[in-house]
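Just below is one structure, and these are the notes that go with it.
Derivation of every value follows stated rules applied to the coordinates shown; laboratory data play no part. What you see is a predicted model; the values in this text were computed from it and never measured. Note that each Cβ is placed from the backbone with ideal geometry, even for glycine, and that neighbours are counted across all protein chains shown.
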Amino acid sequence: MRLGCIADDLTGATDLALMLSREGMRTVQTVGVPDPDLDLSSAEAVVVALKSRTIPAKDAIEQSLDAARALQRAGAANFFFKYCSTFDSTDAGNIGPVAEALLSFTRSDFTIACPAFPANGRTVYQGHLFVNGVPLHESSMKDHPLTPMRDSNLVRVLQRQTALSVGLVSFEDVEGGPNDIRRAFDREKASGHRIVIVDALTDRHLRSIGAAAAELPLITGGSGVAMGLPEAYRGDATASSSAASHIEAPEGRAAILAGSCSSATRRQVEVAIRNGVPAFRIDPIALASGALAAQDVLDWIAAQGSDKPVLVYSSAAPDEVQDIQNRLGRMNAGEQIERLVAEIARALSQRGFTRLIVAGGETSGAVVGALGINALAIGPEIDPGVPWTRTLTGTDLALALKSGNFGAPDFFLKAWDLLRPSRQE
Ligand code: ADP
């Protein structure tokens with residue numbers, strides 16, 4: 001195995017696995033630290049999905065190091081720490097603390113931090129992160145339920161999370177190509193910086209950064225910066241796309257579970273409802289008071305026609321989320337909803353549902369945990385960063401795990417077209 005990757009949430013892991021597989025690396029995604037019995041011998045890249053984005057920093061460090069050790073035992077030569085392209089974190093971490101711990105683990109003294117993903121509208125210029133052209137702190141990320149991002153200067157954001165000195169490799173260096181970027185790395189290192197935010201506005205920039213960073217024992221960033229790695233590791237520019245255009249899915253019913261409150265997901269919910277998808281809205285206050293339970297949702301689902309996907313969502317606008325958090329507490333509200341959605345997913349998989357779309361990173365983590373899924377094969381891309389996947393062990397399911405902010409407005413409608421029935425034996 002060439003590249004061992006540790007992702008701080010599940011949808012982010014899938015996004016990275018898709019990027020590596022699209023660029024020609026045989027990639028397997030595991031959910032949690034891989035079981036020693038799982039055969040990874042044919043994989044060139046393994047992406048371990050953790051759920052460590054919003055847990056206490058010391059737990060995130062411990063889990064990330066466990067994953068790194070397992071990947072090293074399985075033969076990983078280089079390591080990649082993947083986080084969200086909107087740099088989702090708080091001043092307590094976990095990007096800085098985990099990057100620090102992995103730097104020590106890889107016995108290296110320098111790494112990059114590059115969340116840019118231009119195909120999804122995430123660009124970094126002079127260290128400032130933009131989301132579809134809007135500075136991060138003005139984007140909908142300022143209202144994220146768990147990691148509100150209120151500063152778009154990533155050098156500042158990361159410096160608040162780590163004792164290591166944070167520097168910047170800016171557009172001027174990146175525009176010059178891989179050699180200029182390598183020189184900028186040397187310059188930053190010589191000035192005492194141990195982690196550098198790297199600007200990127202285009203895929204060309206990402207490929208140059210990939211080429212320059214391929215030799216680093218540790219790279220940190222979004223999935224975008226992995227774009228140039230497969231080619232750099234191969235040492236040539238042979239375009240090799242191994243991503244399939246369809247994925248086989250077991251026969252069965254389909255459901256959409258949305259726990260993300262991001263603007264993209266709220267729009268997707270709206271479009272699905274407008275197009276006649278039967279929808280159940282989870283009321284977090286009713287849930288907390290005991291007036292709503294999983295059985296109520298399951299009874300509602302049972303009463304729907306079986307020909308259409310059903311949609312269950314808790315997605316709400318920022319002012320509503322704020323009100324719910326004031327009444328229930330931020331973490332408590334999130335956890336109660338995640339638990340409910342996970343319980344519904346478990347019940348659905350026992351009732352013949354075999355195709356699930358889950359919207360939200362934390363929400364997807366909760367669902368996959370409840371279903372006991374531990375490894376996924378990567379299928380076709382529905383929208384940038386979101387593939388269909390199929391379980392490699394346990395219950396046979398097709399799953400699309402969508403980071404809240406990803407996907408076009410019609411995502412919930414069009415995703416099903418990429419599924420084909422499984423061939424009969
Ligand atoms: P994203 O990918 O958009 O970040 P996540 O699923 O990671 O989505 O995070 C959304 C968090 O918000 C989850 O913990 C979820 O349970 C919580 N949540 C969902 N709906 C609501 C709501 N109506 N009020 C408060 N919190 C909510």
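Most fluctuating residue of ALA77, ALA255, ALA49 in a GNM of the chain with Cα springs under 10 Å: which is it?
Maximum among the listed residues: ALA77.
Report the charge-dipole magnitude of the chain in Debye, nearest 20, computed about the Cα centre from +1 at each Lys and Arg Cβ and -1 at each Asp and Glu Cβ.
Value, rounded to 20: 100 debye.
Ranked from highest to lowest mean number of other Cβ atoms within 10 Å per residue, what is the order of the peptides 12-18, 137-143, 182-188, 123-129?
So the order, starting with the most tightly packed, is 12-18, 123-129, 137-143, 182-188.
I need to check one value: relative contact order of the range 348-425, counting alpha carbon pairs closer than 8 Å and at least 6 residues apart, in percent.
31 percent
Compute the signed sum of charges (Lys and Arg +1, Asp and Glu -1) over the other residues within less than 9 Å, Cβ to Cβ, of ALA116.
That works out to 0.
Determine the dipole magnitude for the range 1-108: charges of +1 sit on the beta-carbon of Lys and Arg, -1 on that of Asp and Glu, nothing else is charged, the reference point is the Cα centre, and the result goes in debye to the nearest 20.
Once rounded to the nearest 20, the dipole reads 260 debye.
Let's test the formula: R0 of 30 Å, r as the Cβ-Cβ distance of ARG107 and ARG234. What FRET efficiency results, to the nearest 0.05?
The computed FRET efficiency comes out at 0.75.
Between LEU392 and SER191, how high is the FRET efficiency from 1/(1 + (r/R0)^6) when r is the Cβ-Cβ distance and R₀ = 60 Å? Nearest 0.05.
Efficiency, from the Cβ-Cβ distance: 0.85.
Once amide H atoms are built 1.01 Å from N in the peptide plane, which residues 5 or more positions from PHE117, or in another chain, come under 5 Å H to H?
So PHE117 has HN proximity to ARG122, THR123.
How much length would be gained if the chain were fully extended between ARG420 and GLU62, taking 0.36 nm per residue of separation minus their Cα-Cα distance, in nm to one decimal?
Answer, rounded to one decimal: 124.9 nm.
Once you keep just the Cα pairs under 8 angstrom separated by 6 or more residues, what percentage relative contact order results for the chain?
With pairs under 8 Å counted, the relative contact order is 19 percent.
Compute the FRET efficiency between SER165 and ALA92 as 1/(1 + (r/R0)^6), taking r as their Cβ-Cβ distance and R0 = 22 Å, and round to the nearest 0.05.
It comes out at approximately 0.70.
Per residue of the range 394-401, in order, report the coupling 6.51 cos²θ - 1.76 cosθ + 1.60 (Karplus, θ = phi - 60°) as ³J(HN,Hα) in whole Hz, putting x for Gly and Pro.
x, 4, 7, 9, 9, 10, 10, 10
Excluding ASP307 itself, calculate the net charge of residues whose Cβ lies under 15 Å from the Cβ of ASP307, where each Lys or Arg counts +1 and each Asp or Glu counts -1.
Charge balance near ASP307 sits at +2.
Run the quick spin-label model on ASN332 and ASP296: label points 7 Å from Cα toward the beta carbon, then report their separation in nm to one decimal.
Here the modelled spin labels are 1.8 nm apart.
With an 8 Å cut-off on Cα pairs and a minimum separation of 6 or more residues, tell me the relative contact order of the range 1-127 in percent.
Across the range 1-127, relative contact order equals 29 percent.
Given the options ASN326, ASN78, ASN120, which has the most mean-square fluctuation in a GNM of the chain, springs set between C-alpha atoms less than 10 angstrom apart?
Taking springs between Cα atoms under 10 Å, the residue moving most is ASN326.
Compute the separation of the alpha-carbon centres of the range 36-80 and the range 87-118 and state it in Å as a whole number.
Going from one Cα centre to the other spans 15 Å.
Helix-only estimate, please: 222 nm mean residue ellipticity of the chain, summing -39500 (n - 2.57) across DSSP H runs of length 4 or more and dividing by its residues, to the nearest 500.
Per the formula, -11000 deg cm²/dmol.
Take the alpha carbon atoms of the range 162-238, find their center, do the same for the range 327-391, and report the distance between the two centers in whole angstrom.
Centre-to-centre (Cα) distance: 33 Å.
Among SER289, LEU311, SER262, flag the residue with its Cα farthest along the positive direction of the charge dipole of the range 243-349, charges on Cβ as +1 for Lys/Arg and -1 for Asp/Glu.
Going by the charge dipole, the pick is SER262.
How large is ³J(HN,Hα) for each residue in the range 23-33, as worked out from phi by the Karplus curve 6.51 cos²θ - 1.76 cosθ + 1.60 (θ = phi - 60°), to whole Hz, x for Gly and Pro?
8, x, 9, 5, 10, 10, 10, 10, 9, x, 4
Restricting to the chain, what percent of DSSP beta bridges are antiparallel, rounded to 5?
So the antiparallel bridges amount to about 30 percent of the total.
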